[in-house]
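Some notes on the structure that comes next.
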Amino acid sequence: MYPSHREREQPIFSARAHVFQIDPATKRNWLPASKHAVTVSFFYDANRSVYRIISVGGTKAIINSTITPNMTFTKTSQKFGQWADSRANTVYGLGFATEQQLQQFSDQFKEVKEAARLAREKSQEKFELTNPALNIAAPQLSQDLSEDRHSPPLLTVNGPEDKLFRSKSADMEQMTSEKERIKKMLSEGSICEINLEAELFTLQDSNAKLVAALHEANTGVEEWKKQLAEYQEETGRLRDQVAELEAQSGRPGPSESETRDELTQTLEELEALLKAKDEEIHNLQSKNSDIHDLEKEREEAVQRLQDLETRNAELEQRVERAEQTLASSLEERDRAESEVQRVIDVLDVKIYDLNDLRQSLAKLIDK
């Protein structure tokens, strides 16, 4: 299956990133689609003029998204971006190692999106040229739609009760707009919470890697300390040998001189090795401080996440109160309509009785 795709499609851009998908149950949390960073590539199908984003983990396709002109790639943080695929009914998220990689992917997405738009327009033009009969009814349909759009709405004025209905309608519109505003704020809070969860997951992944590296480095430090003690012991023994040789002969012969040079060279090599080990130990200690900084950032992200959850709870309570107020307004409007209808019925009865009275008076006058 894959060879036929490779013959037909060609990669035009590739990048490495951590892949996530939105949780289909909650539509708020991110689920990791790959354990490690994988290659995400843009492909172009010349036969169908289609652009796709494909990422394969092992033998499984993690991403298979066809790019359409309606898609938008959104950068939600410095190293994280996402886009929605309506055909796959999901939202993909990518976490990059650097901000530059995210910017490159975003620029490539815009270029491919524009190319997909041009390809679609070109294919539509070809279809219209090959099917001219489809455009015959278009002017009349457009004219009918225009007439319907500009025709004035029918209004009914019913005296004093119309003012009551208008005031109730204005209250309902105000409540509806307030409800929509609160829902929008709640949605924005959910998006921020999703971004913080993605950043928290990235920090946890980096923290786990650094902890493993620190553990491995600590094990190496213990071994290097043992080697350092052995080298120091060997250095002392060699120095003792040099002192003994100098004591045995006031003027060393050629062979003793060569031995001394070799011992001196060995000592220099051991000192250089000790210096290199000291630098490695210093680097490991600096990495340990970086881990503490990452842990602090993770705690701050958790605190921000808790604050957002509290804010979301408050917004949900405000939405519930707004819905209750709207329901009470609707009930009050129904009661007002019932009262107005009752008054109208009484007036109709009075008018009917008045007409009967007029007819009776007219008959008496005639007599």
*For Thr68 and Glu280, calculate 0.36 nm times their separation in residues minus their Cα-Cα distance, and state this gained length in nm to one decimal.*
71.2 nm
*Hey, which of these cross-link pairs are over 29 Å Cα-Cα: Lys209/Lys277; Lys75/Lys296; Lys27/Lys110; Lys35/Lys122; Lys79/Lys287?*
Lys35/Lys122
_Per residue accessible area in Å² of segment 13-129, where ligands, DNA and RNA are left out and the probe is 1.4 Å_ = 56 Å²
*Probe 1.4 Å, accessible area per residue of segment 268-331, Å²*: 71 Å²
_Within segment 268-331, what whole-number % of the accessible surface is contributed by carbon and sulfur, with the 1.4 Å probe and all protein chains included in the calculation?_
46 percent
*Accessible carbon and sulfur surface of segment 13-129 relative to its total accessible area, %, 1.4 Å*: 49 percent
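The values are calculated or read from the model by the stated rules, or taken from the named source; none is laboratory data. In this text, all values refer to a predicted model and were calculated from it rather than measured experimentally. With ligands, DNA and RNA removed, areas are computed over all heavy atoms of the protein, side chains included. Shrake-Rupley method; radii C 1.70, N 1.55, O 1.52, S 1.80 Å.
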